[in-house]
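Values in this text are rule-based calculations from the coordinates and carry no lab data. Keep in mind that what you see is a predicted model, and the values were worked out from it rather than measured. We place every Cβ from the backbone using ideal geometry, glycine too, and count neighbours over all the protein chains shown.
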Amino acid sequence: MNRLNYLLAAILLILIGIGIGLIFNASFRQPSFTHIPTQIAVTEVKRNLNTPSFPEGIPVTPFSVNHIAELVIPTVVYIETSIPTSRRSVPDDGNHDFDEHFWERFVPRGRSNAIGTGVIISPDGFIMTNNHVVSGGRDVRVTLSDKREFDAIIVGRDPSTDLAVLKIDATDLDHIVIGNSDTIRIGDWVMAVGNPLRLRSTVTTGIVSALNRDVQIINDRMRIENFIQTDAAINRGNSGGPLVNQFGELIGINTAIATESGGYQGYGFAIPINMAFKIAGDIMEFGEVQRAYLGVQITSVNQERAQRLKMPVIRGVEILDVVQDGAAQRAGIRRNDVILEVNNVSVNESNELQAQVALFRPGQQVDVKIWRSGEEQILHAQLTGLENRQLQQWASRTPFEPDIRDEELPDELPETGLFFFDQGFVILEIAQPEDPEKFDLKVMSVLDGSEADLAGMRADDIILSINDVLVTDGQSLKAGFENSPIGFQNTIEVLRGDDLIQIRF
């Protein structure tokens, strides 16, 4: 009996020791978000804001790919981040390794090593990368192209743009020349450098295949997406690496790919460097992003809206609502105005307006060209931060009842009705001229981040059926939702233009 007591006591002491060790480990090894305000005084960044050109006498083509690679590769780093996780939560891909140590077989807490790329932007060790490369990281290790290794601290992160800044303790580092992403054009030659699939210092080339892409890939409610699209091969591990032009200047931070296979299929996306460098500068100087807001709810102008507003050309971003006492309202911007330009830069999509405003800090003034009542006007708006309570609600996407005003309804149709749905969208019944008792169910508004938004429903969709049952009015659509079992995935068939689309949520 005494021997059994000794054995039980020994087991108890071992378990207590393991518990104390886990508590100590969790308490003293948290991710570091140290702000280093003194470093900005000595940081030097090489930047070219002019339109790049070849020196006189040097032919424009062919490009010297090997020369550009030699310039860029020394500025690119390999990043490995240790992320505490349970074994079941480790993604089953080539970017994560589960370290099976003896005790980790008995303790339900392991470690995943996420890999990525970064680019050195200053000689004293500031590195730009993606937020998702280091998010949740406990230990961040950086390896230079010459194989030197450094522990890195996370100076700051910005989930809204998927950017982060790291700092290593080093001097006299090779660092990249930061270019001007406003000068790039579709068809321009580009090079991507990174560590795809753990293949370090890999160079791929291609062209800029599109601009201003909003692919809704950043997992953040306040996401700002205005990507450069490229066909330069990008794969897992390229995240955070540089996209450079034919002069070796940094014009984008490689972030994502569009793929159905998990690998490269011809479409990669990079954050334009003008926005990325503004975010990085804020983080280095203040430890956080100084984000400015215009204080508006917006939608891109389509053909229907342009006709309603009597615009001769389909362009700009329409104002659906303004924050009370926000920057837009103070500047005289009103509902149904159309923003055409911000500081002489055209904005034709909602994400373009968001990206342009993101280049500024609270307190700075911008010139806003608008279309109102058949005329163009220029208004001056002093941007604000998040001190406005209503703006705080909008920025955090706090659910609210969609606000559809009378002037947005088609007054030529006598029978109309509005229906609001818990899934985050509002429809308008529009009586069919040939049969006043039948209605088109038009989606007027979809709440950002709602079930309907995440499932892919969009404003101007026409709802035809729910779960293969035709709907004739708003009440029949409501009944379809109410009659479906709890946890059941509803199938909504909508008409979008000439296309029939099924949406499930």
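Here are the numbers for the structure shown:
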| read-out | value |
| --- | --- |
| Calculated FRET value between R504 and L12, using beta carbons and R₀ = 60 Å, to 0.05 | 0.70 |
| Simple spin-label estimate for R308 and K438 in nanometres, 7 Å along Cα-Cβ | 2.5 |
| Tail weight of P(r) past 16 Å, computed on alpha-carbon pairs of the stretch 147-214, percent | 71 |
| Coil-residue trypsin sites (Lys or Arg not before Pro) of the stretch 202-299, DSSP, other Cβ within 10 Å capped at 15 | R221 |
| Net length gained if the chain between N467 and E376 were fully extended (0.36 nm per residue, minus Cα distance) | 28.1 nm |
| Whether the stretch 221-277 is rounded, prolate or oblate, judged on the alpha carbon gyration tensor where a/c under 1.5 counts as rounded | oblate |
| Over 21 Å between alpha carbons, listed pairs K369/K442; K147/K167; K147/K278 | K369/K442; K147/K278 |
| Fully extended contour minus Cα-Cα distance, from R458 to D169, at 0.36 nm per residue | 99.2 nm |
| Sequence-distant residues sharing a close amide H with Q432 (under 5 Å, placed H) | K438, F439, D440 |
| Cα shape, the stretch 240-344, gyration tensor, a/c 1.5 rule | oblate |
